[in-house]
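The values are calculated or read from the model by the stated rules, or taken from the named source; none is laboratory data. A quick note: this is a predicted structure, and the numbers were derived from the prediction, not measured. Positions of Cβ are generated from backbone atoms using ideal geometry, with glycine treated the same way; all protein chains shown enter the neighbour counts.
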Amino acid sequence: MKSLLKKSLVVLCIFMFTASVSFTTKSFEIIKAYLNDTNVVVNQKSENLKTIYYEGNLYIPIPLLSEKLNCFSSYNKENNTLTLKNNFDFQDFPQSNPYKGENFIYGEILKIDKANKIITIEQHFDDNSISIEPNIKASENIIIIYQRNDKKMNLDFDDLKVGDIVGIVLNRENIARGMILAD
């Protein structure tokens, strides 16, 4: 009886292992490729990276290459999407133009509605400030800049957080077209 139970468990384990291996490899294709050390030069800096040579093409792992190119990379397994964002591209926006009905305000973010792209701020005032409604809609193509000393970079609306101190350029309809975060 014990030997029958042991044999049954062994057969069950083998079946489960082979079934799981067949399910996990179903979406992959086995290929013949070559692993090689390749001298890669980025911005006059040379470095050896492990690369794969396959059918006349050279493949470099994305995390290694994005690090060397100063890019952000992320991979979403659920929808099989690779996202690369270049940290060198910087986009600025023009200053507020009062002759076009625009205003510049500043304050602290108290609440963020990311789904509707609305922020609620506690406005800070100086001698030239005008009072506005605390809920501010961001335009679809808003440009957000993070500035520290003489360095600037662009952020996405999703990067904003409660407590950020911001300067905002509002168009004639009081919709934010530009925003600056500073330390």
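Checking each residue in segment 36-69 for being among the charged types (D, E, K, R), surrounded by 11 or more Cβ atoms within 10 Å (Cβ to Cβ) and modelled with pLDDT of 80 or more picks out Glu47, Lys50.
Residue-wise test of (1) β-branched (Val, Ile, Thr); (2) surrounded by 14 or more Cβ atoms within 10 Å (Cβ to Cβ).
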{"residue": "Gln95", "(1), (2)": "no, no"}
{"residue": "Ile105", "(1), (2)": "yes, yes"}
{"residue": "Ala115", "(1), (2)": "no, no"}
{"residue": "Gln123", "(1), (2)": "no, yes"}
{"residue": "Ser129", "(1), (2)": "no, yes"}
{"residue": "Glu140", "(1), (2)": "no, no"}
{"residue": "Ile143", "(1), (2)": "yes, yes"}
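A count restricted to segment 142-173 and to residues that are under 19 Å from Lys100 (Cα atoms) and either in contact with a Ser or Thr (Cβ under 7 Å, 6 or more places away or on another chain) or without any contact (Cβ under 8 Å) to a residue 12 or more places away in the chain (or both) stands at 2.
Test of understanding: among Lys161, Lys117, Lys100, Lys111, which residue is over 30 Å from Cys71 (Cβ atoms), under 22 Å from the mean Cα position of the chain (by Cα) and not β-branched (Val, Ile, Thr)? Please lay out each step first, then the result.
Working: Lys161 fails: over 30 Å from Cys71 (Cβ atoms); Lys117 fails: over 30 Å from Cys71 (Cβ atoms); Lys100 fails: under 22 Å from the mean Cα position of the chain (by Cα).
Being over 30 Å from Cys71 (Cβ atoms), under 22 Å from the mean Cα position of the chain (by Cα) and not β-branched (Val, Ile, Thr) holds for just one of Lys161, Lys117, Lys100, Lys111, which is Lys111.
Taking segment 145-164 as the range and being exposed (fewer than 14 other Cβ atoms within 10 Å of the Cβ), closer than 20 Å to Gln91 by Cβ and among the basic types (Lys, Arg) as the test, the residues that pass are Arg148, Lys151.
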